[in-house]
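In what follows, a single structure is set out as structure tokens and then discussed.
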Amino acid sequence: MPSGFENRYLISTLSGDLLNTDPAVYHLSSLIAGVMSEKKEGDMHTSVTEAGAPPENMQESVAPAARCFDALAAEHHLDDEKIRSVLTKYLQEQELKPFQAELIHLQQYLEDTGRRMIILFEGRDAAGKGGTIRSVTRYMNEKHYRVIAMGKPTEEQRSQWFFQKYVSQFPRGGEIAIFDRSWYNRAMVEPVFGFCTEQEYNNFMRGVIGFEKDLVRQGTILVKLYFSVTKEVQKKRFNRRKHDPLRQWKLSEVDVQAQERWDDFDKVKYEMLRNTHTAAAPWTVIRSANKHLARLNALKVILNAVDYEAINQELDYVPDDEIVVSGAREIELMQKDKLHKKKKKS
């Protein structure tokens with residue numbers, strides 16, 4: 001059962017979007033978390049038969065027991081669907097926590113051994129990269145990781161070796177550097193929107209393989225994650241950003257054009273995977289239509305990338321094949337899709 005600390009944490013984090021927008025739901029989640037923490041584990045599994053059903057002649061006259069949050073739900077017109085949403089988010093958070101705890105042990109291993117780790121989060125806009133990064137770092141020791149989101153390059157950076165601005169952010173021994181988009185901007189966003197020349201693009205594609213090989217050869221653990229989302233899901237998330245005042249800041253001019261340039265992104269994604277998926281630095285593709293499953297499986301992929309001794313041996317560390325796909329498999333699937341499209345045209 002969740003501890004008191006976990007439930008206090010739940011109140012501030014479990015329902016994320018709901019709690020930020022609906023104070024009534026915030027109080028409801030607090031009540032639910034409190035009840036669940038106070039219940040004895042045995043009580044939670046007691047069936048109606050075990051507890052003793054009321055006599056038949058009394059069943060109709062006995063009213064169902066009121067739940068502690070029923071009054072609050074009625075006052076704020078919260079239906080069962082809203083309550084179900086809060087509980088679902090609570091259970092999802094609980095499912096992530098054992099893996100988040102393992103990440104702390106992974107951090108300790110890196111610190112003890114002096115190993116360096118770099119995790120790249122790539123993918124289209126609204127693919128779930130930011131939310132997954134928050135899930136990964138939620139309980140980690142802040143002294144031993146950094147999240148890097150590079151802005152528009154300065155004039156000085158434009159005059160430097162392309163990788164220089166990224167190398168300056170690389171981890172020291174015992175540290176994890178998490179890139180919220182990385183040097184692969186040069187392979188995806190920049191060519192689509194004309195932010196780089198064809199020569200700059202080609203130079204990057206030729207040089208990045210050797211660059212990453214050197215990183216790995218010199219002891220850096222490199223994990224490359226690509227979050228894959230469908231066009232329909234991306235559109236739905238963009239619409240939500242557009243109408244939600246808490247998310248409007250996420251919607252940029254580039255985002256607005258992402259749907260129109262979907263096929264262009266498909267082409268550069270295919271070329272990126274085909275040319276940069278290597279034995280030394282492979283890509284792992286994560287299907288992220290379901291945000292929770294994407295986060296859960298990303299945690300598993302990260303834990304499996306480091307050869308440390310797991311503390312919790314009872315956890316299932318095997319990623320879901322429906323969610324996690326190797327870069328090689330994704331290339332095959334994209335090649336098949338291209339052939340199907342050619343046949344339709346002919």
(request) Among the trypsin sites (Lys or Arg not before Pro) in the range 117-177, which ones are in a DSSP loop with at most 13 other Cβ atoms within 10 Å of the Cβ? Mind listing them? (result) R172
(message) I need the phi-derived Karplus couplings for the range 271-279: 6.51 cos²θ - 1.76 cosθ + 1.60, θ = phi - 60°, integer Hz, Gly and Pro marked x.
(response) 5, 4, 5, 5, 9, 10, 7, 10, 5
(request) List the residues whose amide H sits under 5 Å from the amide H of G123, counting only those 5 or more places along or on another chain, with H placed 1.01 Å from N in the peptide plane. (result) F227
(request) Just tell me which lysines come within less than 17 Å, Cα to Cα, of K236; anything on the same chain fewer than 8 places away is out. (result) K129, K250, K291
(request) Sequence neighbours fewer than 8 away in the same chain don't count; with that in mind, list the lysines whose C-alpha is under 19 Å from K345. (result) K267, K336
(request) Using only the Cα atoms of the range 87-196, construct the convex hull and provide its projected area averaged over every direction, in square nanometres to one decimal. (result) 8.3 nm²
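For the range 216-346, what % of the accessible area comes from carbon and sulfur atoms, probe 1.4 Å?
Details: 3870 of 7750 Å².
Carbon and sulfur together cover 50 percent of it.
Of K300/K341; K82/K242; K89/K152; K231/K341, which pairs sit farther than 26 Å apart, going by alpha carbon to alpha carbon? Could the numbers behind the result be given before it?
Working: K300/K341 34 Å; K82/K242 22 Å; K89/K152 35 Å; K231/K341 16 Å.
The answer is K300/K341; K89/K152.
Sort largest first and round to whole Å: the equivalent ellipsoid semi-axes of the range 237-325, each the square root of five times a Cα gyration tensor eigenvalue. Intermediate results must be reported in sequence, preceding the final value.
Numbers: eigenvalues 187, 85, 22 Å².
Working through the eigenvalues yields semi-axes of 31, 21, 11 Å.
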(request) In whole Hz, with x marking every Gly and Pro, tabulate ³J(HN,Hα) for the range 190-197 from phi via Karplus 6.51 cos²θ - 1.76 cosθ + 1.60, θ = phi - 60°. (result) 4, x, 5, 9, x, 8, 9, 7
(message) Can you list residues from other chains, or at least 5 along the same chain, whose modelled amide H is less than 5 Å from the amide H of I118?
(response) A177, I221, L222, V223
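Find the relative contact order for the range 279-332 and round it to a whole percent, using C-alpha pairs within less than 8 Å whose residues are 6+ positions apart. Before the final figure, lay out the partial values.
On the way: 39 pairs, mean separation 30.5, N = 54.
So the answer I get is 56 percent.
Compute the relative contact order of the range 219-321 as a whole-number percentage, counting only Cα pairs closer than 8 Å that sit 6 or more residues apart in sequence. Intermediate results must be reported in sequence, preceding the final value.
Working: 65 pairs, mean separation 38.7, N = 103.
Once divided by the residue count of the range 219-321, the mean separation gives 38 percent.
The values are calculated or read from the model by the stated rules, or taken from the named source; none is laboratory data. Being a predicted model, the structure only gives us computed values, none of them experimental. Note that each Cβ is placed from the backbone with ideal geometry, even for glycine, and that neighbours are counted across all protein chains shown. The area values use the complete protein model at the heavy-atom level, side chains included, leaving out ligands, DNA and RNA. Shrake-Rupley method; radii C 1.70, N 1.55, O 1.52, S 1.80 Å.
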